[in-house]
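One structure is given here, and the rest of the page talks about it.
The values are calculated or read from the model by the stated rules, or taken from the named source; none is laboratory data. Given the structure is predicted, the values throughout are model-derived calculations rather than measurements. In this analysis, Cβ positions are derived from the backbone assuming ideal geometry, glycine residues included, and neighbour counts consider all displayed protein chains. For accessibility, only protein heavy atoms count, side chains too; no ligands or nucleic acids. Shrake-Rupley method; radii C 1.70, N 1.55, O 1.52, S 1.80 Å.
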Amino acid sequence: MVISAPSGRRSPVSHRVRAELRTRIERGVWSAGMALPSEAALCREFGTSRGPVRRALAALRAEGFIVGGRGKPPVVGKVVPAQSLATFRSFTDWARAEGKLPGTRTLSLERRHAASAVAGLLELDEGAVVVELIRVRLLDEVPIMIERASFVPDVGRVLFGLDLDHASVSAELARHGFGLVQARHTIDAVAANPLDGEALGIPAAAALLRERRLSRDAHGRAVEYAEARYRSEFATFRIDNAAAGFHGDEAGTTAASPIEVRSLD
């Protein structure tokens, strides 16, 4: 197979080789521990010389997709699933795209008075009532994340009566005209509290990757504030960005900073 770029400016061959090999690893075509084809075999497959292949392998090694080298044959490393923030999609859609089986265990769904910070983010009055959903999300039956989501009352009410362990919350909201189409994500690290530890099967105070998300509907109204806490060994977040005006093959369109990421699908 010879990889060719679309018409117009071509990206370096090593970039295209790296992208193809990374896709195979991310999609599970090449599983962890599997030996990679030899450099000679890769050169034949991609119709190129050893230089671009070696640069592609070096980049994949730096990213943790492959291990070995320096006299040892390269093998596929253990890949932690990465969620891209360049698009806005649900946990279920992301899991299925990774070839994983998504699952949910609902812990509670109730009306309660919002904390001051949550009320402010959702543009509600101090002490306003929200609908709070707490659930554990699973990949291949392994609990990897606990999510606490607060919805404005007229949106959250549609969740009562649903089988939340099997129904798609995002799809149900969209069906009632409350589709979530825009979000601001803030990523940081926190220590697990006792509920986190019990729900995820980890020690209290273990390090978790936290994503805080403020979601809006098509009218720009803030309708959901969620805090998701991930076991860091099972999930990462990927941000593809580029300098203004640059449109390379691997460039995304997400505007990013070290503190927060805004994404619009």
Exercise. For every other residue with a beta carbon closer than 12 angstrom to the beta carbon of residue 165, add +1 if it is Lys or Arg and -1 if Asp or Glu, then tell me the sum.
Key: +2
Quiz prompt | Heavy atoms of residue 221: accessible area, 1.4 Å probe, square angstrom to 10 | solution = 90 Å²
Quiz item: What residues have an amide H closer than 5 Å to that of residue 30, excluding those fewer than 5 places away on the same chain, when H is modeled at 1.01 Å from N in the peptide plane?
Solution: 25
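Roughly how many percent of the accessible protein surface of region 141-244 is carbon and sulfur, given a 1.4 Å probe and a whole-percent answer? Before the final figure, lay out the partial values.
On the way: 2520 of 4790 Å².
Carbon and sulfur together cover 53 percent of it.
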Exercise. Could you work out how far the C-alpha centroid of region 167-239 sits from that of region 97-135, in angstrom?
Key: 9 Å
Exercise. Any chance you could look up the accessible area of residue 110 with a 1.4 Å probe, heavy atoms only, rounded to 10 Å²?
Key: 80 Å²
Quiz item: With every protein chain present, what is the per residue accessible area of region 126-233 (1.4 Å probe, Å²)?
Solution: 42 Å²
Quiz prompt | HN-Hα J in Hz across region 109-116 - Karplus 6.51, -1.76, 1.60, θ = phi - 60°, x for Gly and Pro | solution = 9, 7, 8, 7, 6, 6, 4, 4
